[in-house]
Amino acid sequence: MNINNRDERRFYEIESGQNQWSLSELKRQFNSGIYERLALSRDKDGLRALAQKGHIIEKPEDVLKNPVVLEFLGLDTKADYSESDLESAIIDKLETFLLELGKGFLFESRQKRFTFDADHFYVDLVFYNRILRCYVLIDLKIGKLTHGDLGQMQMYVNYYDREVKLGNENPTIGMILCKTKNDALVRLTLPENANIYASRYQLYLPSKEELKRKLIEWSEIASDMPDE
């Protein structure tokens, strides 16, 4: 694949072998910049581990990508689409969406309803990650992320932790896939120990040149960080 960066090449060698990617899937993962997107979501140690071990999932943060790429949905040509359209497109392309989410994900349901105090609430998509041994709830937001969206996801996670998950399972993860997000808003709205994350999604393949530029900037910053 003419990958000159040794760490990046090693990452794709490990991942394609472990996941038994077909050639077309390997090309899709490369073209979507999965190495850069994973690297940009990790600290210095996580950046090193990608080249040495591939994509290892040991904690909730390990499933994050920056951004999540959904070019396979075919919605990029639509001038206007709803959250329902986005959800339906994901269900129609569920196998590819699971590959984009990463390792260990199993689909459970869409528009999962739960009720308390006679009020009905619906989680857009419910998954289970067999590696982390926990539920992963996903809400889709085509507009700007608000503190209300974060509060709603916190309620969903609380419900699953208290009413659904078993005693030997790990705490539920909440993920909001949004078109735009404000990192400061997420940081100020959620408590430090919240198991909730917001990831930006895009409906087109990212520019690998831009991702590589960002990764070089991040690597320079990481190299200046003291080792723990």
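Key figures for this structure:
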item: Residue-normalised accessible area of the range 34-75, expressed per residue, 1.4 Å probe, Å²; result: 36 Å²
item: Cβ-based charge dipole, the chain, positive-most Cα from Leu205, Leu145, Ser41; result: Leu205
item: Cα gyration tensor shape for the range 107-209, rounded if a/c is under 1.5, else prolate or oblate; result: prolate
item: Apportionment of accessible area to carbon and sulfur, the chain, percent (1.4 Å); result: 48 percent
item: For the range 88-149, Kirkwood radius (reciprocal of mean inverse C-alpha pair distance, Å); result: 13.1 Å
item: Residue-wise HN-Hα coupling along the range 13-19, computed from phi with Karplus coefficients 6.51, -1.76, 1.60 (Hz; x: Gly, Pro); result: 4, 5, 5, 5, x, 5, 9
item: Separation between Cα centres of the range 22-96 and the range 115-142, rounded to whole Å; result: 19 Å
item: Placed amide H near Met175: partners under 5 Å, 5+ positions off or other chain; result: Leu137, Ile138, Asp139, Tyr197
item: Radius, Kirkwood style, for the range 17-108 when every pair of distinct Cα atoms is counted (Å); result: 14.6 Å
item: Computed [θ] at 222 nm, helices only, for the chain once each DSSP H run of length n ≥ 4 contributes -39500 (n - 2.57); result: -12000 deg cm²/dmol
item: Calculated SAXS-style log₁₀ I(q)/I(0) at q = 0.08, 0.09, 0.15 Å⁻¹ - the chain, Debye, Cα scatterers; result: -0.30, -0.38, -1.10
item: Thr172, Thr77, reordered so the largest accessible area comes first (probe 1.4 Å); result: Thr77, Thr172
item: Accessible-area order (highest first, 1.4 angstrom probe) of the listed residues Ile56, Ile176; result: Ile56, Ile176
item: Value of relative contact order over the chain, rounded to a whole percent, pairs C-alpha under 8 Å and six or more apart; result: 21 percent
item: J(HN,Hα) series, the range 65-76, from Karplus relation 6.51 cos²θ - 1.76 cosθ + 1.60, nearest Hz, glycine and proline x; result: 10, 9, x, 8, 9, 10, 5, 6, 6, x, 8, 5
item: Prolate/oblate/rounded label for the range 49-158 (Cα gyration tensor, a/c 1.5); result: oblate
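The values are calculated or read from the model by the stated rules, or taken from the named source; none is laboratory data. Quick caveat, the model's predicted, so the values are computed rather than measured. Cβ: placed from backbone, ideal geometry, glycine included. Neighbour counts: every protein chain shown. Note: areas computed on protein heavy atoms with side chains; ligands, DNA, RNA excluded. Shrake-Rupley method; radii C 1.70, N 1.55, O 1.52, S 1.80 Å.
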